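Heads up: the structure comes next, in structure tokens.
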Amino acid sequence: MHLSRSPRRRAAAWAAAAALTAAGLLIGPPPAAAGTGPSARVDAALLDAVDGGGEASFFVVLKDRADLSAARSKRAHAARTKSAFTELRAEADSSQRALNSFLDRKKVGHQNFWIANAVKVTGDEALVKELAGRSDVARIVKEQHYTLDDVEARPAEAAAAEGTDADATPEWGIKDIKADQVWKDYDNRGEGVVIANIDSGVQYDHPDLVTNYRGNNGDGSFTHDYNWYDPTGQCGTGGTPCDNNGHGTHTMGTMAGRGGVGVAPNATWIAAKGCETSSCSDESLLKAGQWILAPTDRAGQNPRPDLAPNIVNNSWGGGATTFYQDIVEAWNAAGIFEAFAAGNKGDGRTCGTTEAPGAQAPAYGVGAYDADGRIAGFSGFGPSPVDGSAKPNISAPGVDVRSTWPGSAYKALNGTSMATPHVAGAVALLWSAAPSLIGDIAGTRALLDEGALDVDDTHCGGTPGRNNVWGEGKLDIFASLDKAPHTAVDVSGKVTDEATGAALPGVTVRATTGAATRSVTTGADGSYRLSLPPGTYTFSLSGYGYGTGTVSGVELITGEPVTRDVALTPVAAHAVTGTVLDVTGKPLAKAAVSLPGTPVEEATTDAKGRFSLPKVAEGAYTLRVTPAAPVLCNGTYSGTLDVDGAEATEVKLPNRTDAGGTYSCAPVTPSWIKGSTGTGLTGDEDATTVYLPFPVRFYGVTYTSASVTTNGLINFVQPRLGDYANTALPADARPNGVVAAFWDDLVLDKRSSVKTAVTGKAGARKFAIVWDKASFAAEPSVRISFQAVFDEATGAITLQYRGAGSSVLQRGGSATTGIENQAGTDGLGHSFDEAVLSDTTALHFTPKDAR
């Protein structure tokens, strides 16, 4: 029987669809009581899921916690984030080591997280019981999914603003919290502060958001590394920001949008997509939470905690949320202010309806009210059902909130999701105008609380000044800023072209004193403005096509504003030409050649691998070369390029590696090994266990046996699971921990076989699993031979082929080739449904220890 080709995708979709929904907020399953099974540390939802032989994905949360006191003691933002990141990573690496070894021995794939010291695994009741008995485990929690929905909110289309600048008529919520008064009286709109959200993504080029996106280079080009992260993979492989729901674009607009919709329209923003579409998984939220503390490139590599935002908005929540409290405490220790929605489960009367993480004591939770000053009917009331703490902390506009929407549009929505970004944006105004508060979480919360307008409603407990309906009351950022320390010095000026006098937009102005750096980008008229603590600074200015301008020894004294106009000198431009070679040294056509962060138009190599970038300004750049699909074993090249005249260069692409750098892929010369020992595999959808003649180490785990299937798959983790539908690798849906020699719907008849063979002497043996003349279920008359070879000496794996002739099927047109780790989170997919194989193809996957 030949089943459909989509069970893995269908299973993942079902899991997401099973989550509960609510308006304007992410809602998950209800809180679970402690289980009565093997340990009270296991939540009831997980025990139910594995009861009767079932399996589930869950998180093992360890007891040990990082000591973040050193991070809290540091003043500079970059120093605090780096210290927190270092301590969290070190504690996770140390305390998870024993658990990882245990899981490896059990042949259980796992995914490790450092910000919450948790490990994600998939397993049955027996595994849960074993883990619950470990002395290093604090609790075990079933993976949750949360959803975004607009059922309650009933969003209405709103007309576009008449203007897109910060002086446009502000929305009612902006005026109600008196952000517009801050703009006027303090001449401050969030300059120099970086704000982020974890949400459904952001339309980065929306007219009201594009100018202050940190990835905007100011010259028509964009750099998304360290400014955008998509752990869900929903925005595609190109790494370009997207929002396939709208919620994230809306919340970002309320924080930092132009055209009167945003509280801090000159704050710089970045974003992490923690929600797949309308569904948000614990895994994606955890990855996004880590990225906030230590932003990475778009592949999730090379973390830079110095580029962490100052503020992060979280318009989501639900249930007990597992362990996000740990992330909140890590952010706060690093000096990152977080705001959380208090929840939309209210009915206007019932107490105890706030939702975590906004309902947890460490988080700053936000309730919602309408334009008439009435608490919203959906706004969650305290006390917290999670820990009994007083909630919400404060309330903000959350009804009929108009903001940005994908498609360069606008919508009005309701929800505590809409109230929360008012608070996050307000903190950006506060920290921009009073920079001595940056990183001072307790002091900032105190000022927000002191400035809030009291509303007397004690029916859920509390006092007229602090109750479980309104929290501290209605947000008033103007009053809070009036109470803030006013020691900052305003520095402003204009940047122009020295030769023409023309204003230069998009120039980055950095002010540095000691270890602290703040930056801002010049506007369309070349102007800039920063509020800085007193001290002696060095100002550096840089923009594409101009030499770097530096002004040193600028002393800033309270009460004495400084004006510094700077003229930058344009530099000459030259042609950059070259040739791109693939990993074998042959010219590579259709490769994309670019200079990230510049307006230089991307070039594409011709049939001889040649490219030309006709006009590149003098300077130092990163040259990036990306192979066109299918990428096969060709990696992406990034290298330095210094342009001081006409440049000619030759680039040979590196071997492609998986995300973790565990394996690399390279083409080699085939060396066929003839099978000799039968496995007994026959027919359709058959599998058997093969015992290995020597231990095989695969993604850090040593195996002595593996499951082999008729469908060209070697599985180290599961004996047999749903391999009739091949997918691209890696993929988190099972099967995982695989070597896909030629993963397709294949049949073994009387002319076919799967055999094994061992060659060489002990210590240098090779073990081959050989599929001979396997028939395609789609076309039984078409056959293919292939094999996977394991090398005892190096740990390398080689895949090679025979009979890959003119047929699209034989060349891999409906097959997957490559490898994948035990958790499905990393791997090297060589090809997926691409006719790229031949009898000369031999794919060599080498572990880093053997390179």
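The values are calculated or read from the model by the stated rules, or taken from the named source; none is laboratory data. All of these numbers come straight from a predicted model, not from anything done at the bench. In this analysis, Cβ positions are derived from the backbone assuming ideal geometry, glycine residues included, and neighbour counts consider all displayed protein chains.
Just a few scattered comments:
- Evaluated against (1) exposed (fewer than 14 other Cβ atoms within 10 Å of the Cβ); (2) in contact (Cβ under 8 Å) with a residue 40 or more places away in the chain; (3) assigned to a loop (DSSP other than H, G, I, E, B); (4) touching a Ser or Thr at 6+ places or on another chain (Cβ under 8 Å), Arg751 falls short on exactly one condition, (2).
- Residue match in the range 336-343 (condition: part of a loop (DSSP other than H, G, I, E, B), surrounded by fewer than 24 Cβ atoms within 10 Å (Cβ to Cβ) and assigned by TED's automatic domain parsing to the domain that holds Trp291): no
- Residue in the range 726-748 that is among the charged types (D, E, K, R), under 22 Å from Glu55 (Cβ atoms) and surrounded by fewer than 17 Cβ atoms within 10 Å (Cβ to Cβ) present: no
- For the range 72-106, the candidate set comprises residues that are touching a Phe, Trp or Tyr at 6+ places or on another chain (Cβ under 7 Å) and either aliphatic (A, V, I, L, M) or at positive phi (or both); within that set, the residue that is surrounded by the most Cβ atoms within 10 Å (Cβ to Cβ) is Leu88.
- Lys391 more than 27 Å from the chain's Cα centre (by Cα) and among the basic types (Lys, Arg): yes
- Matching residues in the range 60-71 - criterion: being buried (at least 17 other Cβ atoms within 10 Å of the Cβ) and out of contact with any Ser or Thr (no Cβ under 6 Å at 6 or more places or on another chain): Val60, Val61, Ala66, Leu68
- Applying the criterion of at least 2 residues that are over 20 Å from Thr268 (Cβ atoms), out of contact with any Ser or Thr (no Cβ under 7 Å at 6 or more places or on another chain) and not hydroxyl-bearing (Ser, Thr, Tyr) to the strands (runs of 3 or more DSSP E) found wholly in the range 392-441 leaves 394-397, 409-413.
- Subset of the range 566-625 [of a type in the set (Asp, Glu) and more than 30 Å from Ala511 (Cα to Cα)]: Asp582, Glu601, Glu602, Asp606
- Filtering the range 803-851 to residues that are surrounded by fewer than 18 Cβ atoms within 10 Å (Cβ to Cβ) and of a type in the set (D, E, K, R) leaves Asp833, Asp839, Lys848, Asp849, Arg851.
- The number of residues in the range 454-478 that are touching a Leu at 6+ places or on another chain (Cβ under 8 Å) and either assigned by TED's automatic domain parsing to the domain that holds Ile375 or in a helix (DSSP H, G or I) (or both) comes to 1.
- Any hit, the range 534-551, residues being outside the structural domain of Leu448 (by TED's automatic domain parsing) and within 21 Å of Val263 (Cα to Cα): no
- Only one of the numbered conditions (1) assigned by TED's automatic domain parsing to the domain that holds Ile336; (2) in contact with a helix residue (DSSP H, G or I) (Cβ under 8 Å, 6 or more places away or on another chain); (3) not acidic (Asp, Glu) is not met by Arg445, and that is (2).
- Residues satisfying the stated conditions in the range 532-556, i.e. in a strand (DSSP E or B) and over 18 Å from Thr512 (Cβ atoms): Tyr546
- Residue within the range 474-481 that is buried (at least 22 other Cβ atoms within 10 Å of the Cβ), within 34 Å of the chain's Cα centre (by Cα) and more than 23 Å from Gly425 (Cβ to Cβ) present: no
- Of all residues in the range 82-111 being modelled with pLDDT under 95 and not in a helix (DSSP H, G or I), the one that is nearest to Ala333 (Cα to Cα): Gln111
- Residue within the range 429-441 that is assigned by TED's automatic domain parsing to the domain that holds Asp306, within 25 Å of Gly346 (Cα to Cα), crowded, with 24+ Cβ neighbours inside 10 Å and among the aliphatic types (A, V, I, L, M) present: no
- Within the range 538-552, if we keep just the residues that are over 34 Å from the mean Cα position of the chain (by Cα) and either among the hydroxyl-bearing types (Ser, Thr, Tyr) or modelled with pLDDT of 95 or more (or both), the residue that is surrounded by the most Cβ atoms within 10 Å (Cβ to Cβ) turns out to be Thr550.
- Leu681 over 38 Å from the mean Cα position of the chain (by Cα), crowded, with 18+ Cβ neighbours inside 10 Å, in the same structural domain as Thr846 (by TED's automatic domain parsing) and in a loop (DSSP other than H, G, I, E, B): yes
- Test: residue in the range 512-535 that is under 16 Å from Asn216 (Cβ atoms), surrounded by fewer than 17 Cβ atoms within 10 Å (Cβ to Cβ) and among the polar types (S, T, N, Q): no
- The range 59-77, residues that are farther than 12 Å from Leu88 by Cβ and assigned to a helix (DSSP H, G or I): Ser69, Arg72, Ser73, His77
- Number of residues in the range 229-244 that are surrounded by 24 or more Cβ atoms within 10 Å (Cβ to Cβ) and touching a Ser or Thr at 6+ places or on another chain (Cβ under 8 Å) equals 2.
- Residues within the range 344-365 that are surrounded by fewer than 24 Cβ atoms within 10 Å (Cβ to Cβ) and of a type in the set (Asp, Glu), tallied: 1
- Residue in the range 366-383 that is out of contact with any helix residue (DSSP H, G or I) (no Cβ under 6 Å at 6 or more places or on another chain), of a type in the set (Val, Ile, Thr), surrounded by fewer than 23 Cβ atoms within 10 Å (Cβ to Cβ) and part of a loop (DSSP other than H, G, I, E, B) present: no
- Hits in the range 406-420 - residues which are on the phi < 0 side of the Ramachandran plot and crowded, with 24+ Cβ neighbours inside 10 Å: Leu413, Asn414, Thr416, Ser417, Met418, Ala419, Thr420
- Any hit, the range 499-513, residues being more than 32 Å from the chain's Cα centre (by Cα) and either acidic (Asp, Glu) or under 19 Å from Thr444 (Cα atoms) (or both): no
- The residue list Ile115, Ile140 contains one member that is outside any loop (DSSP other than H, G, I, E, B) and either surrounded by fewer than 16 Cβ atoms within 10 Å (Cβ to Cβ) or at pLDDT 90 or above (or both), which is Ile140.
- Test: residue in the range 4-13 that is more than 30 Å from Ala777 (Cα to Cα), modelled with pLDDT under 90 and in a loop (DSSP other than H, G, I, E, B): no
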